[in-house]
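The values are calculated or read from the model by the stated rules, or taken from the named source; none is laboratory data. Note that this is a predicted model, so its numbers are computed, not measured. Don't worry about glycine lacking a Cβ; one is built from the backbone with ideal geometry, like all the others, and counts go over all protein chains shown. The protein model used for the area step is the full one, side chains on, heavy atoms only, and it has no ligands, DNA or RNA in it. Shrake-Rupley method; radii C 1.70, N 1.55, O 1.52, S 1.80 Å.
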Amino acid sequence: MKEIELVVGDPTSEAWLEVHHAANRGVWGAAAERTSIAEIVDVAARRHEVRRSFLVTEEGSDVPVAAAQTIRRTRDNVGTGGLWLSVHPDHQRRAAGAHLLARCEGVLRADGCVRIHEHSGAPVENGDAATGFALANGYRQTLLDHRQDLALPVDEAALTALDPRPDPAAYIIETSVDGLPEEWLEDRALLARRMSTDAPTGDIDLDEEDWDAERVRQQWNTPSPIWGIESVARHVPTGRLVAFTDLVVRPGQPDLAVQSDTLVLREHRGRALGLAVKLANLRGLQRERPEVTTVRTWNADSNAHMVAINERLGFVVTGWTREWAKDL
Ligand SMILES: CC(C)(COP(=O)(O)OP(=O)(O)OC[C@H]1O[C@@H](n2cnc3c(N)ncnc32)[C@H](O)[C@@H]1OP(=O)(O)O)[C@@H](O)C(=O)NCCC(=O)NCCS
């Protein structure tokens with residue numbers, strides 16, 4: 001086997017991406033998620049990360065066998081590296097994965113990482129190669145998430161029936177399409193900080209992320225091929241934002257909306273604000289992007305409350321995601 005390091009965007013990167021897509025199809029079939037080179041370049045540029053990409057081909061031919069990308073964070077959790085690794089289904093179970101994994105672990109270690117934290121996913125009905133692979137390579141599971149899908153459109157009567165309608169003297173819900181209003185950014189930075197400590201991370205300690213208005217602006221308000229919609233709850237007496245949720249639609253898969261973060265500040269929990277912002281965002285998504293046919297979300301299996309709310313909305317469990325950690 002021959003290994004090269006490449007720059008995503010170079011001509012070789014299409015072959016590299018196709019290995020990831022083929023491995024994904026091997027796990028998920030027709031429902032496999034797809035991405036694009038433009039999106040990968042965009043994400044790397046907007047996040048505080050250094051990414052290195054590797055392609056393994058057969059010796060003597062250029063047939064792609066395995067692909068990987070290492071992810072090193074430079075702003076917070078700098079010692080915790082990430083990894084994206086795929087072996088083409090025609091070449092699995094021949095140690096290519098283990099070989100490339102060892103190479104990536106070496107790269108991250110040399111760049112100062114002391115551990116790796118990553119995730120893998122599989123549909124409910126399928127076997128899960130990544131689990132056997134992670135365990136065989138010394139990773140421990142830190143969290144198990146349910147993956148839930150909702151088929152769109154959801155009719156307005158169902159949304160109205162679930163809507164908690166917070167007291168408008170206490171909270172108002174606002175929605176922003178593809179970018180955030182400048183006047184949200186300070187509060188939104190605090191919400192992002194809380195998100196990094198309050199969402200279940202399972203059996204691993206991560207640092208609070210260092211968010212300020214500028215970082216939020218860079219993440220959400222710079223031109224990007226990724227489209228987003230966000231809804232927030234404003235606490236009327238103080239004027240502050242106290243809850244948020246966002247959905248993104250990626251160019252590689254325009255019929256799929258992916259739930260990213262949802263958070264209600266601790267002091268404002270227990271008032272159904274999480275459900276209120278999610279419903280507002282779903283309404284906005286259906287209005288703005290009628291071509292979206294599925295919303296996808298992940299929740300820790302311990303988060304029974306959120307999973308139950310999603311089921312009332314019509315979400316069904318379609319898979320699992322496991323988070324893994326290994327000290328280097
Ligand atoms: C997981 C994956 C990377 C493994 O790559 P691979 O080259 O087939 O794995 P290797 O041949 O190096 O296997 C190393 C060990 O992992 C374990 N393993 C690998 N595949 C397994 C499977 N399908 N079931 C159970 N254990 C498995 C075994 O212990 C194996 O050793 P063995 O073959 O001597 O028994 C590959 O199946 C893949 O690309 N899957 C889809 C994408 C993915 O889930 N990536 C990982 C998350 S980022």
| query | With labels modelled as points extended 7 Å from the Cα through the Cβ direction, what inter-label distance (nm, one decimal) is found for Leu135 paired with Glu311? | reply | 2.6
| remark: Taking a ≥ b ≥ c as the square roots of the Cα gyration tensor eigenvalues, with a/c under 1.5 meaning rounded and otherwise prolate when a/b beats b/c or oblate if not, segment 108-164 comes out prolate
| said: With the crude spin-label approximation of a point 7 Å out along Cα→Cβ, what separation in nm comes out for Ala157 versus Thr74? | reply: 5.5
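Would you work out if the chain is rounded, prolate or oblate? Take a ≥ b ≥ c from the square roots of the eigenvalues of the alpha-carbon gyration tensor; rounded if a/c is under 1.5, else prolate when a/b is larger than b/c, oblate otherwise.
The shape class here is prolate.
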| task | Taking only protein heavy atoms into account and a 1.4 Å probe, give the accessible area per residue of the chain in Å². | result | 46
| Rounded if a/c under 1.5, otherwise prolate or oblate - segment 153-292, Cα gyration tensor axes | rounded
| remark: Under 5 Å from the placed amide H of Gly314, counting only residues 5+ away or on other chains, we find none
| query | Whose amide H sits under 5 Å from the amide H of Val65, counting only residues 5 or more places off or on another chain, with H placed in the peptide plane? | reply | Val56, Thr57, Glu58
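May I ask you to compute the full-extension gain from Lys2 to Ser61, defined as 0.36 nm times their residue separation minus their alpha-carbon distance, rounded to one decimal in nm?
20.3 nm
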| remark: The percentage of the accessible area of the chain (probe 1.4 Å, all protein chains present) made up of carbon and sulfur atoms, to the nearest whole number, is 52
| remark: Probe 1.4 Å, all chains present, heavy atoms only: Glu174 accessible area in Å², nearest 10, is 40
| field | Estimated vicinal HN-Hα couplings, Hz - segment 293-301 in sequence order (Karplus 6.51, -1.76, 1.60; Gly, Pro = x) | value | 10, 9, 10, 10, 9, 10, 9, 4, 5
| message | Along the Cα→Cβ direction, 7 angstrom out, place labels at Ala98 and Glu18. What is the inter-label distance in nm? | response | 2.9
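Using just the helices of the chain, give the 222 nm mean residue ellipticity in deg cm²/dmol: DSSP H runs with n ≥ 4 each add -39,500 (n - 2.57), and the total is spread over all residues, rounded to 500.
Result for the chain, helices only: -9500 deg cm²/dmol.
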